1. Which ones in region 55-73 are of a type in the set (F, W, Y) and either open to solvent by less than 60 Å² (accessible area, probe 1.4 Å) or closer than 15 Å to Y94 by Cβ (or both)?
2. Could you check I228 against (1) open to solvent by 20 Å² or more (accessible area, probe 1.4 Å); (2) over 26 Å from P78 (Cα atoms); (3) of a type in the set (A, V, I, L, M, F, W, C) and say which number it fails?
3. In region 173-196, how many are open to solvent by 40 Å² or more (accessible area, probe 1.4 Å), in a loop (DSSP other than H, G, I, E, B) and among the polar types (S, T, N, Q)?
4. Tally the residues that are touching a helix residue (DSSP H, G or I) at 6+ places or on another chain (Cβ under 8 Å), open to solvent by 40 Å² or more (accessible area, probe 1.4 Å) and assigned to a strand (DSSP E or B), restricting the search to region 197-220.
5. In region 19-45, what count of residues is obtained for those that are more than 22 Å from Q115 (Cβ to Cβ) and assigned to a helix (DSSP H, G or I)?
6. All but one of (1) buried (at least 17 other Cβ atoms within 10 Å of the Cβ); (2) over 23 Å from S36 (Cβ atoms) hold for V170, so report the exception by its number.
Amino acid sequence: MGHVTRFASPKFLKILKKEYKWTVRPIPGPHSAGSSIPLGVLLRDYLGVALTLSEAKKILYNGKIYVDGIRRVDYRFPVGLMDVVSIPSAEQYYVIYPDKSRFIAPRSISSDEAQYKLKKVLNKVSVKNGKIQLNLHDGTNLQVESNDSNYYPTLSTIRVNLTNSKIDAVYTLKEGAIAIITGGKNTGVEGTIQRIKKLPYKTRKYSIVELKSSDKNYETNMENVMVISSS
């Protein structure tokens with residue numbers, strides 16, 4: 001089924017809950033239904049490049065929309081955290097960014113910035129041929145040499161070139177790094193990491209990160225933090 005009732009859809013979606021009964025249900029993909037925006041809804045309700053869902057479908061069918069450098073034609077495709085949405089024919093480029101009021105929302109970027117994507121390393125596993133696989137927040141993975149695995153610590157962020165899938169930068173979760181909160185009540189807060197308080201003999205979900213923003217300091221679970229720059 002391609003639709004879900006509007007009242008059953010995620011609260012953060014920018015749609016009118018009382019205008020119609022139904023809205024788009026995302027298909028299974030890189031992001032869960034509860035943490036993503038269906039591509040057709042993004043085009044219509046967020047970016048305003050289509051007035052209706054029918055128009056959004058036509059734009060997609062004509063091959064004008066790219067997500068992370070890949071042409072997407074399904075209006076139900078789920079777009080989520082740090083995905084790069086490109087409309088080259090209109091010279092419009094966006095990254096799906098944490099948002100204080102909307103959880104995630106598109107932010108305009110340049111065409112040069114749209115060549116790269118930030119991906120959070122969730123965990124690492126050994127695979128064949130002596131390589132290490134980095135499992136990333138958007139459902140993708142990359143393999144690196146086992147000797148290089150220490151360069152990509154868990155919960156660090158890698159910057160990937162979307163044209164060749166090569167890693168060109170690594171941002172480690174550490175004091176002094178610039179990070180953004182991606183979950184919880186302080187979603188969208190961006191600042192400098194002041195302290196990382198790890199509890200001994202506890203899993204990382206019990207660790208707390210303190211960020212200093214322009215107005216005040218914030219504390220959040222370590223798993224809700226994504227590093228976006230080394231300084």
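1. So in region 55-73, the residues of a type in the set (F, W, Y) come out as 61, 66.
Selection gives Y66 alone.
2. Condition (2) is where I228 drops out.
3. 0
4. Filtering region 197-220 for residues touching a helix residue (DSSP H, G or I) at 6+ places or on another chain (Cβ under 8 Å) gives 198-199, 204-205, 207-209.
Within this subset, residues satisfying the condition of being open to solvent by 40 Å² or more (accessible area, probe 1.4 Å) are 198-199, 204-205, 208.
Still in the running and assigned to a strand (DSSP E or B): 208.
Adding up the residues that qualify gives 1.
5. Going through region 19-45 one residue at a time, the tally reaches 7.
6. Tallying (1) buried (at least 17 other Cβ atoms within 10 Å of the Cβ); (2) over 23 Å from S36 (Cβ atoms), V170 fails exactly one: (1).
This table checks each residue for (1) touching a Phe, Trp or Tyr at 6+ places or on another chain (Cβ under 9 Å); (2) surrounded by 14 or more Cβ atoms within 10 Å (Cβ to Cβ); (3) at pLDDT 95 or above.
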{"position": "K128", "(1), (2), (3)": "no, no, no"}
{"position": "N135", "(1), (2), (3)": "no, yes, yes"}
{"position": "V144", "(1), (2), (3)": "yes, yes, no"}
{"position": "N147", "(1), (2), (3)": "no, no, no"}
{"position": "N150", "(1), (2), (3)": "no, no, no"}
{"position": "I158", "(1), (2), (3)": "yes, yes, yes"}
{"position": "L162", "(1), (2), (3)": "yes, yes, yes"}
{"position": "S165", "(1), (2), (3)": "no, no, no"}
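Here's the yes/no breakdown for (1) assigned to a loop (DSSP other than H, G, I, E, B); (2) more than 23 Å from N164 (Cβ to Cβ):
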residue	(1), (2)
R76	yes, yes
L81	yes, no
S101	yes, yes
I104	no, yes
R107	no, yes
S110	yes, no
K119	no, no
N129	no, no
G139	yes, no
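The values are calculated or read from the model by the stated rules, or taken from the named source; none is laboratory data. Note that this is a predicted model, so its numbers are computed, not measured. For neighbour counting, all protein chains shown are included, and Cβ atoms are generated from backbone atoms with ideal geometry for every residue, glycine included. Side chains are part of the model used for accessible areas, which takes the heavy atoms of the whole protein and leaves out ligands, DNA and RNA. Shrake-Rupley method; radii C 1.70, N 1.55, O 1.52, S 1.80 Å.
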